[in-house]
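Structure record follows, encoded as C-alpha cells.
Bear in mind that the values in this text are calculations on the coordinates, not laboratory data. Treat the numbers as computed from the prediction; the structure is a model and nothing was measured. Note: ideal-geometry Cβ built from the backbone for every residue, glycine included; neighbour counts use all protein chains shown.
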Number of protein chains: 2
Amino acid sequence: MIITKETLFNYEQRYRTQLVNSLNGYKSANLIGSQNKLNQSNLAIFSSVIHLGSNPPLIGFITRPNSVPRHTLENIKETGKYTINHIHSGIIEAAHQTSARYKREKSEFVETGLTEEYIDNFTAPFVKEAHLKMGLQVKEVLPITTNDTLLIVGEIELISLPETCLETDGKINLELLNTVVISGLDMYHSTKKETRLSYAKPDLPLRVI
Amino acid sequence: MIITKETLFNYEQRYRTQLVNSLNGYKSANLIGSQNKLNQSNLAIFSSVIHLGSNPPLIGFITRPNSVPRHTLENIKETGKYTINHIHSGIIEAAHQTSARYKREKSEFVETGLTEEYIDNFTAPFVKEAHLKMGLQVKEVLPITTNDTLLIVGEIELISLPETCLETDGKINLELLNTVVISGLDMYHSTKKETRLSYAKPDLPLRVI
C-alpha cells in the first residue's frame, strides 16, 4: 500500500506517531546518565544514539529542547559530562521505566532499581548493571530548526566493557553482551547474527568473514 | 576493562574504527536511492538513519561532505529528493556491495543487481526488492563542525509498505518484513522480539502489551 504525506497528516496523532517511529528501521537502545551541579542524578532511555565518527570518537543523540523539562539536557548543559550505557536483555523493564516523567528531585536510579556507579573520577553516573558504558564530554549542541529538536554531539572520554567481548580486530561482539534494539516506541528485540561481509570493492565478489 | 581517550587514540586506526563503530549499539540498515538531473541513479548503504520526529514526519542521516565524491549528497543537493529503503535478510549482500566505490557513470543498481523502481511520479529511485520504502524531500543540511560531517534532515512524502505489516495501532511489524540491523561496520543481524511494554508512568507497574 502507498501512504502519501496527506494521508499521514490525517491519521490520528498516536497512530501516526507509532507508524513514523517505525520507519527508520531498528533503533539503538541506550540509557543516558547525568547529574546537575548539586549531584542530583538522572537516567533516561534514548533510542536515537548514533555513531558520528571514529577519530575523534564522536557519538550523537537527539533530544527536545528545554521548553519542557528535559533533565538530561539541562544536566549536560550544566556539567558537560554524561554517560551512555547499552541496554541488555536483563534490564529492559527498568530501562523502559526511566521514560516515566519523574519530578526533578526524584532520581530514576532510585525509582527503577538501577544502580549508580562512578568510574575513574568521571563526574557523571554510569549504570552498574550495564555491560558496556561510556563517559562523554559534550562538544556541540546543534539546533535542528525544521522541528525544533537538538543534536547533541559528544566525545568519548572513557569506555568500560568486558574484555571478552572485544574481538581481535577491535569489533565488539554485541550479541555476547545481550545488547538489545528497539522498534517503534516500545518494543525490544534481541539479535541473531546473519552474516559478516568483507570490505566491498567494485568487480570483486564479497566474502563472508 | 577500562579504555581511556588516550588509549583509544593510540590504537591502530582500523582497530579503533571497528571499536568505535560498535559503541552506540546496533544501527539501522538502509539503502538511500537518488539521482542527478541527468537521471543517473545512485544507491548507497547507510547505517546512520534515525527518527527525528513524527509531526512533521522527519528522518535524518549522517554523511561526509563533498570533499570526497559523495554521489548521494551531490544528488540530494541537486534534486532535493531521495528514497530510504529497509534492508531485509534477502538483500544483505547486494546492499553491502553498494558501499564499493563505483565511478560516477556506474549505477549501483546495475552493479549489484538491485532493481530501480519509480512510484507515483516521485523522481528518486526506490529499491524494488525492498519491502518498506519511503520518498523524502530534503529540509536541512546541518554541518557538524566537530568532525566536518553533515546531518541531512528530510521530510517523508510517500511510504510504500505491505499492508500486512501494519498493526492496528500504527506500529510496523519489522520482524515480518525481515528488516535487519548492523553492528560495527560489516555485521548483519536479524531480530527476535523480547517484549513490548506499556507507556511508563511514575508509581505504576509496566504491563507487557
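State the number of residues belonging to the range A:181-209 that are within 7 Å of chain B (Cβ to nearest Cβ), more than 13 Å from A:His88 (Cα to Cα), without any contact (Cβ under 8 Å) to a residue 24 or more places away in the chain and not acidic (Asp, Glu).
The qualifying residues number 10.
Within the range A:136-179, count every residue that is closer than 17 Å to A:Leu73 by Cβ, hydrophobic (A, V, I, L, M, F, W, C) and touching a residue at least 40 places away in the same chain (Cβ under 8 Å).
Within the range A:136-179, residues that are closer than 17 Å to A:Leu73 by Cβ, hydrophobic (A, V, I, L, M, F, W, C) and touching a residue at least 40 places away in the same chain (Cβ under 8 Å) number 8.
Filter the range A:24-53 for residues that are at the interface with chain B (Cβ under 10 Å from one of its Cβ atoms) and not in a strand (DSSP E or B) and give the result.
A:Asn24, A:Gly25, A:Tyr26, A:Ala29, A:Ser47, A:Ser48, A:Val49
Taking into account only those residues within the range B:78-99 that are in contact (Cβ under 8 Å) with a residue 12 or more places away in the chain and surrounded by fewer than 17 Cβ atoms within 10 Å (Cβ to Cβ), which is nearest to the other protein chains (Cβ to nearest Cβ)?
Filtering first and then ranking leaves B:Ser89.
Taking into account only those residues within the range A:87-112 that are assigned to a loop (DSSP other than H, G, I, E, B) and not basic (Lys, Arg), which is farthest from B:Asn24 (Cα to Cα)?
Filtering first and then ranking leaves A:Glu105.
Of these, B:Ser28, B:Ser34, which one is closer than 30 Å to A:Ser160 by Cβ and surrounded by 21 or more Cβ atoms within 10 Å (Cβ to Cβ)?
After applying the criteria, what remains is B:Ser28.
Kindly indicate whether B:Ala130 is more than 9 Å from chain A (Cβ to nearest Cβ), in contact with a helix residue (DSSP H, G or I) (Cβ under 8 Å, 6 or more places away or on another chain), more than 30 Å from A:Asn55 (Cβ to Cβ) and among the hydrophobic types (A, V, I, L, M, F, W, C).
Here the answer is yes, as B:Ala130 does meet what is asked.
Would you confirm whether any residue within the range B:54-77 is away from chain A (no Cβ under 11 Å), of a type in the set (Asp, Glu) and in a helix (DSSP H, G or I)?
Taking every residue of the range B:54-77 in turn, at least one turns out to be away from chain A (no Cβ under 11 Å), of a type in the set (Asp, Glu) and in a helix (DSSP H, G or I).
Going through the range B:113-138 one residue at a time, which ones are crowded, with 23+ Cβ neighbours inside 10 Å and not in a strand (DSSP E or B)?
Residues satisfying the conditions are B:Leu114, B:Ala124, B:Pro125, B:Ala130.
Under 15 Å from the mean Cα position of the chain (by Cα), outside any helix (DSSP H, G or I) and among the hydrophobic types (A, V, I, L, M, F, W, C), is that true of A:Ile84?
yes
Kindly indicate whether any position in the range B:171-180 is of a type outside the set (A, V, I, L, M, F, W, C), crowded, with 17+ Cβ neighbours inside 10 Å and within 8 Å of chain A (Cβ to nearest Cβ).
Scanning the range B:171-180 turns up at least one residue that is of a type outside the set (A, V, I, L, M, F, W, C), crowded, with 17+ Cβ neighbours inside 10 Å and within 8 Å of chain A (Cβ to nearest Cβ).
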